Structures are given as C-alpha cells and as structure tokens.
1. By the scheme Lys and Arg +1, Asp and Glu -1, what is the net charge of all other residues having a beta-carbon under 14 Å from that of Arg57?
2. Name the long-range amide H neighbours of Val68: under 5 Å, sequence gap of 5 or more, or other chain; modelled H, no Pro or chain starts.
3. Please give the length that would be gained between Asp19 and Arg45 if that part of the chain were fully extended, namely 0.36 nm times their separation in residues minus their C-alpha to C-alpha distance (nm, one decimal).
4. I'd like the GluC sites (Glu not before Pro) in the stretch 25-122 restricted to DSSP loop residues with at most 10 other Cβ atoms within 10 Å, sorted by number.
5. Return the calculated 222 nm mean residue ellipticity for the chain, to the nearest 500 deg cm²/dmol, obtained by summing -39500 (n - 2.57) across DSSP H runs with n ≥ 4 and dividing by the residue count.
6. When Lys and Arg each count +1 and Asp and Glu each count -1, what net charge do the other residues less than 11 Å away from Arg45, Cβ to Cβ, add up to?
7. Excluding Val72 itself, calculate the net charge of residues whose Cβ lies under 15 Å from the Cβ of Val72, where each Lys or Arg counts +1 and each Asp or Glu counts -1.
8. Could you give each residue of the stretch 28-43 its phi-based ³J(HN,Hα) in whole Hz, using Karplus coefficients 6.51, -1.76, 1.60 with θ = phi - 60°, and x for Gly or Pro?
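Just so you know, all these numbers are worked out from the coordinates, no wet-lab data involved. Note that the coordinates shown come from a computational prediction; the quantities given were computed from them, not determined experimentally. Because the Cβ atoms are built from the backbone with ideal geometry, glycine has one as well, and the counts that use them run over all protein chains shown.
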Amino acid sequence: MRQCEPDPAFGAVVRQVLDRVGDKWSLLVMRELAEQRMRFTELLRSVDGISQRMLTRTLRELERDGLVSREVFAEVPPRVEYEVTALGHTLMPHVKSLADWAVQHRDDIEQHRARFDDALAS
C-alpha cells in the first residue's frame with residue numbers, strides 16, 4: 001500500500017488555526033459574542049481577567065481571521081459593536097464539544113496529573 005505524500009501546507013494551516021482558537025482568550029471572547037452583539041466595554045466586563053490591551057488584540061486577530069466582525073456607528077461618542085460571523089458560528093459547535101469533553105474528563109485529568117507529579121517527586 002502506497003502512502004500519500006504529506007501536504008506541507010497542511011501542518012502550517014492547522015497550526016495557524018489552532019494557535020488562534022487555542023490561545024488563552026479567543027474562545028472566551030467568542031463564547032460571549034456567540035450569544036449577542038456586544039460593545040467593547042461589555043466584553044471587557046464579561047471576560048474575567050482580560051486586560052483592555054489583550055481584548056483589543058484578541059478582537060483584532062479574530063476579526064482578521066473572519067471569526068468576529070466589528071461595526072462602527074457614526075455617533076458621538078462612536079459606538080463599536082462586535083459579533084461572531086457566520087464563519088465563527090461554524091466553529092462554535094466544535095468548541096462546545098471540546099469544552100464539554102474537558103468538563104466531563106476534568107476529574108480524570110486531575111487524577112492523572114496528581115499521579116504523574118507524585119511519581120516525579122518520588
């Protein structure tokens with residue numbers, strides 16, 4: 001049986017996407033926006049522990065990747081709202097599955113970590 005030649009771009013593409021969705025803040029921001037459009041300050045209050053600088057950076061990267069959209073309203077002061085795009089919504093079921101798996105297996109993982117750490121300490 002002949003093996004297929006690996007696509008060199010495959011690893012890079014997967015790594016780039018996983019880097020985005022696997023960072024510390026992106027999925028938390030997307031989770032908040034999946035429910036409703038939000039202003040920056042609303043997001044800042046709802047994502048526990050995120051700084052203003054990090055939220056700005058995260059939103060820019062999510063917008064760049066097409067997962068979140070930004071709409072500026074011509075008001076004084078300007079109003080800016082963010083929401084998950086159609087593309088971003090296609091990601092959410094996969095994120096939810098991963099989050100559900102993590103919650104379901106949290107105790108098992110903690111037990112394995114404790115055994116591993118105990119073995120290293122011995």
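1. Values: positive: Arg20, Lys24, Arg53, Arg60, Arg64, Arg70; negative: Asp19, Asp23, Glu61, Glu63, Asp65.
It works out to a net charge of +1.
2. Amide H to amide H, under 5 Å and 5 or more residues apart or across chains, Val68 pairs with Glu63, Thr85.
3. Numbers: separation 26, 0.36 × 26 = 9.36 nm, distance 2.45 nm.
So the chain would gain 6.9 nm between Asp19 and Arg45.
4. Working: sites: Glu32, Glu35, Glu42, Glu61, Glu63, Glu71, Glu75, Glu81, Glu83, Glu110; in loops: Glu75.
Answer by residue number: Glu75.
5. Values: 6 runs with 79 residues, N = 122.
-20500 deg cm²/dmol, from helical runs alone.
6. Working: positive: Arg39; negative: Glu32, Glu42, Asp48.
Its environment carries a net charge of -2.
7. Working: positive: Arg37, Arg39, Arg60, Arg70, Arg79; negative: Glu63, Glu71, Glu75, Glu81, Glu83.
Net charge around Val72: 0.
8. Karplus values, whole Hz, x for Gly and Pro: 5, 5, 5, 4, 5, 6, 5, 7, 6, 5, 9, 7, 4, 5, 5, 4.
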